[in-house]
Amino acid sequence: MTELRRPALLDPRHDTWEQFDCGEPILNEWLRRYAGQNRRRDTAATWVIADANGLVVAYASVAMTALDRSSAPGVVAKGAPDPVPALLLGRLAVDRRYAKLGIGTALVAHVLATAVELNEKAACCAVVVTALNPIVRGWWARLGFRAFDSDDPDQLDLYLLTSEIEATLRRGR
Ligand SMILES: CC(C)(COP(=O)(O)OP(=O)(O)OC[C@H]1O[C@@H](n2cnc3c(N)ncnc32)[C@H](O)[C@@H]1OP(=O)(O)O)[C@@H](O)C(=O)NCCC(=O)NCCS
């Protein structure tokens with residue numbers, strides 16, 4: 001297996017992603033067609049892990065978001081302004097050829113560390129993500145993400161408090 005680089009912002013001049021295949025066509029398509037567009041419009045930043053040749057093997061898109069206080073989990077809403085500042089992990093995908101090697105976890109850990117930095121500089125109460133499906137929800141739960149509505153077993157909207165991130169990162173070490 002080729003050596004992989006640390007997470008870095010997608011660089012259209014050096015990275016290549018035409019062959020990226022995570023097994024989910026929508027997520028492949030987003031990287032090909034919309035990652036650059038979102039960056040140019042300042043609507044999402046895409047972080048990637050690439051191999052030594054710049055071939056993207058995993059990506060995560062992130063953007064600032066705001067949670068409607070009335071629909072936020074109690075622990076998020078308590079004492080918070082409306083809306084509540086948060087970081088959206090909009091998309092995450094790992095190329096099938098590199099699955100189950102810890103790369104997805106490493107990229108999420110990088111985004112979580114970014115949330116901690118943002119929180120210090122501008123306030124960010126939680127990281128939120130919508131799991132692709134109920135199976136992937138279990139993957140997020142491993143990292144400490146919980147459902148917005150803990151009583152709803154079909155709930156795919158998940159959050160992790162920024163104050164809980166350090167514990168998650170420590171567990172990953
Ligand atoms: C989901 C995805 C990002 C995971 O990335 P990955 O790099 O393969 O995952 P990692 O190697 O970091 O994690 C694997 C670990 O998660 C565990 N795991 C995998 N699926 C799990 C699940 N549903 N529930 C609990 N644990 C799970 C594995 O057992 C493994 O644990 P171990 O390290 O103790 O052996 C990747 O499979 C992917 O891109 N899938 C297609 C797109 C997608 O679903 N994206 C998520 C959008 S919300």
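Scanning segment 50-95 for residues that are of a type in the set (D, E, K, R) and more than 16 Å from the ligand (Cβ to nearest atom), which turns out surrounded by the most Cβ atoms within 10 Å (Cβ to Cβ)? Give the derivation first.
Taking segment 50-95 first, the residues of a type in the set (D, E, K, R) are 51, 68-69, 78, 82, 91, 95.
In the following step, the residues that additionally are more than 16 Å from the ligand (Cβ to nearest atom) were identified as 68-69, 78, 82.
Working: D68: 10, R69: 14, K78: 10, D82: 11.
Taking the candidates together, the pick is R69.
Any residue in segment 103-110 that is surrounded by 19 or more Cβ atoms within 10 Å (Cβ to Cβ), in contact (Cβ under 8 Å) with a residue 40 or more places away in the chain and more than 16 Å from the ligand (Cβ to nearest atom)?
no
Give the residue that is farthest from L9 (Cα to Cα), with candidates limited to residues of segment 93-128 that are part of a loop (DSSP other than H, G, I, E, B) and touching a helix residue (DSSP H, G or I) at 6+ places or on another chain (Cβ under 7 Å). Working first, answer last.
At the first step, the residues of segment 93-128 found to be part of a loop (DSSP other than H, G, I, E, B) are 95, 99-102, 123-125.
Those left that are additionally touching a helix residue (DSSP H, G or I) at 6+ places or on another chain (Cβ under 7 Å): 124-125.
Values: C124: 20, C125: 23 Å.
By that ranking, first place goes to C125.
Please identify the pairs in which a residue from segment 122-138 that is under 13 Å from L89 (Cα atoms) has its Cβ atom under 8 Å from the Cβ atom of a residue that is within 7 Å of the ligand (Cβ to nearest atom) and assigned to a loop (DSSP other than H, G, I, E, B), counting only partners at least 6 apart or on another chain.
L132/E24
Is at least one residue of segment 145-163 loosely packed, with under 15 Cβ neighbours inside 10 Å, near the ligand (Cβ under 9 Å from one of its atoms) and farther than 22 Å from W30 by Cβ?
Filtering segment 145-163 down to residues loosely packed, with under 15 Cβ neighbours inside 10 Å leaves 149-154, 163.
Of the ones still in play, those that are also near the ligand (Cβ under 9 Å from one of its atoms) are none.
Checking segment 145-163: not a single residue is loosely packed, with under 15 Cβ neighbours inside 10 Å, near the ligand (Cβ under 9 Å from one of its atoms) and farther than 22 Å from W30 by Cβ.
I need the full set of residues from segment 1-57 which are in a helix (DSSP H, G or I), free of Cβ contacts under 8 Å to residues at least 60 places away in the same chain and of a type in the set (S, T, N, Q), in order please. Give the derivation first.
Residues of segment 1-57 that are in a helix (DSSP H, G or I), as a first pass: 25-40.
From the residues that got through so far, the ones that are free of Cβ contacts under 8 Å to residues at least 60 places away in the same chain too are 25-26, 29, 32-40.
Q37, N38 - these are the residues of segment 1-57 that are in a helix (DSSP H, G or I), free of Cβ contacts under 8 Å to residues at least 60 places away in the same chain and of a type in the set (S, T, N, Q).
Testing E3 on (1) modelled with pLDDT under 95; (2) touching a Leu at 6+ places or on another chain (Cβ under 6 Å), one condition comes back false. Which one is that?
Among (1) modelled with pLDDT under 95; (2) touching a Leu at 6+ places or on another chain (Cβ under 6 Å), the lone unmet condition for E3 is (2).
The values are calculated or read from the model by the stated rules, or taken from the named source; none is laboratory data. On a predicted model such as this, the values are computed, not experimentally measured, just so you know. When we count neighbours, we look across all protein chains shown, and the Cβ atoms used for this are built from the backbone with ideal geometry, even at glycine.
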